[in-house]
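A quick write-up on the structure given underneath.
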Amino acid sequence: MVQSVLLVFAMDAEAQPLIQALGLTEDAPPKIVGPAPCVTFSGQHGDLQVHVVWNGKDKDTGVDNVGTVPASLSTYLAVMAFKPDVVISAGTAGGFKAQGAAIGDVFLGTAVINHDRRIPLPSFDKYGIGYSLCLATPKLRSHLGLKQGVVSSGNSLDYTDKCMEIMGQHQVAVKEMEAAAIAWACNLYHVPLMCVKAVTDIVDGDRPTSEEFLENLHAAAAALQATLPRVLTEMAGKKLSEL
Ligand code: ADE
């Protein structure tokens, strides 16, 4: 039975709408002590215990700690602290129109890979891709009418030709910067992972990513916020096999 869920966010702008909507409060005293920069919030949504971990800000630049390294640290520490039944990697992503993505769509992840870990050595090549299945949630997906596809993570907002080739080989639908690292930490604890990603920009389109990302960040965060409480409601009290 799903009784508690942990949502992992990289950016404050992605996390705040849900924190406000569910009335979650920052855990005090902190559940995760420094020097780890992440910040946690908790509360209830119906019968479900909801925890959020946000990767916090980089102290030198003041920007959100995006990317794989902070994401795996936050996930590892927050799963240890909260022992959730399911983890959700939530946030924004670039979408591939070749896989049916449009700005503002919300996707559920079927699996995650890394597109920027290219290690052409025996077995390290497979490790580099780090393919990991997400929790299958076919009923939830059809009830909420969400699109689905493979999520690919890398530490750059842009991509190289080689990244694009790998994403094409795996029919990636959304590209972001954390999910595969979150999956790695979840797999250590054998906790299932879901990905819920709202599209800010079209990777295989013709507009510069950074321009499109900044233009659509708040609209995509709103789409994410409209979807996440419905996802949580669908999960509450169900067996994983019923999702
Ligand atoms: N987050 C939002 N859009 C993205 C993109 N195109 N690449 C990586 N992360 C993103």
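Which residue is farthest from Lys239 (Cα to Cα), if the candidates are limited to region 106-161 and must be of a type in the set (A, V, I, L, M), touching a strand residue (DSSP E or B) at 6+ places or on another chain (Cβ under 9 Å) and assigned to a loop (DSSP other than H, G, I, E, B)?
Ranking the candidates gives Leu157 first.
Being surrounded by fewer than 24 Cβ atoms within 10 Å (Cβ to Cβ), in contact (Cβ under 8 Å) with a residue 40 or more places away in the chain and more than 12 Å from the ligand (Cβ to nearest atom) is the filter here; which residues of region 163-181 pass it?
Answer for region 163-181, where residues must be surrounded by fewer than 24 Cβ atoms within 10 Å (Cβ to Cβ), in contact (Cβ under 8 Å) with a residue 40 or more places away in the chain and more than 12 Å from the ligand (Cβ to nearest atom): Ile166, His170, Gln171.
Mind checking whether some residue in region 87-101 is of a type outside the set (A, V, I, L, M), more than 16 Å from the ligand (Cβ to nearest atom) and buried (at least 20 other Cβ atoms within 10 Å of the Cβ)?
No, that holds for no residue.
Where the second residue is part of a helix (DSSP H, G or I) and surrounded by 20 or more Cβ atoms within 10 Å (Cβ to Cβ) and the first is at negative phi and lies in region 213-230, which pairs have Cβ atoms under 8 Å and are six or more apart or on separate chains?
What qualifies is Ala221/Glu14; Leu224/Glu14; Leu224/Leu18; Gln225/Leu18; Leu228/Leu18; Pro229/Leu18; Pro229/Leu22.
Which of the residues belonging to region 150-162 are open to solvent by 10 Å² or more (accessible area, probe 1.4 Å) and either within 15 Å of the ligand (Cβ to nearest atom) or closer than 22 Å to Ile88 by Cα (or both)? Break it down into steps so the answer makes sense when it comes.
In the first step, residues of region 150-162 are kept if they are open to solvent by 10 Å² or more (accessible area, probe 1.4 Å); the result is 150, 155-162.
Across region 150-162, the qualifying residues are Val150, Asn155, Ser156, Leu157, Asp158, Tyr159, Thr160.
Yes/no per residue for (1) in contact with a Gly (Cβ under 8 Å, 6 or more places away or on another chain); (2) surrounded by fewer than 20 Cβ atoms within 10 Å (Cβ to Cβ); (3) farther than 18 Å from Leu224 by Cβ:
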residue	(1), (2), (3)
Asp12	no, yes, no
Ile19	no, no, no
Pro29	no, yes, yes
Thr40	no, no, yes
Trp54	no, no, no
Ala71	no, no, no
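Take Gly67 and decide whether it is in contact (Cβ under 8 Å) with a residue 40 or more places away in the chain, of a type outside the set (A, V, I, L, M), touching a strand residue (DSSP E or B) at 6+ places or on another chain (Cβ under 6 Å) and within 14 Å of the ligand (Cβ to nearest atom). Walk me through how you get there before you give the answer.
Numbers: in contact (Cβ under 8 Å) with a residue 40 or more places away in the chain: yes; of a type outside the set (A, V, I, L, M): yes; touching a strand residue (DSSP E or B) at 6+ places or on another chain (Cβ under 6 Å): no; within 14 Å of the ligand (Cβ to nearest atom): yes.
Judged against the criteria, Gly67 is not a match.
For residues in region 182-207 being free of Cβ contacts under 8 Å to residues at least 40 places away in the same chain and not acidic (Asp, Glu), which is farthest from the ligand (Cβ to nearest atom)?
By that ranking, first place goes to His190.
Looking at Leu217, Leu228, which is the one that is within 13 Å of the ligand (Cβ to nearest atom), touching a helix residue (DSSP H, G or I) at 6+ places or on another chain (Cβ under 8 Å) and part of a helix (DSSP H, G or I)?
That would be Leu217, the only listed residue that is within 13 Å of the ligand (Cβ to nearest atom), touching a helix residue (DSSP H, G or I) at 6+ places or on another chain (Cβ under 8 Å) and part of a helix (DSSP H, G or I).
The values are calculated or read from the model by the stated rules, or taken from the named source; none is laboratory data. Just so it is clear, the model here is predicted, and its values are computed rather than measured. Cβ atoms come from the backbone with ideal geometry, glycine included; neighbour counts cover every protein chain shown. What goes into the accessible areas is simple: the full protein's heavy atoms, side chains included, and nothing from ligands, DNA or RNA. Shrake-Rupley method; radii C 1.70, N 1.55, O 1.52, S 1.80 Å.
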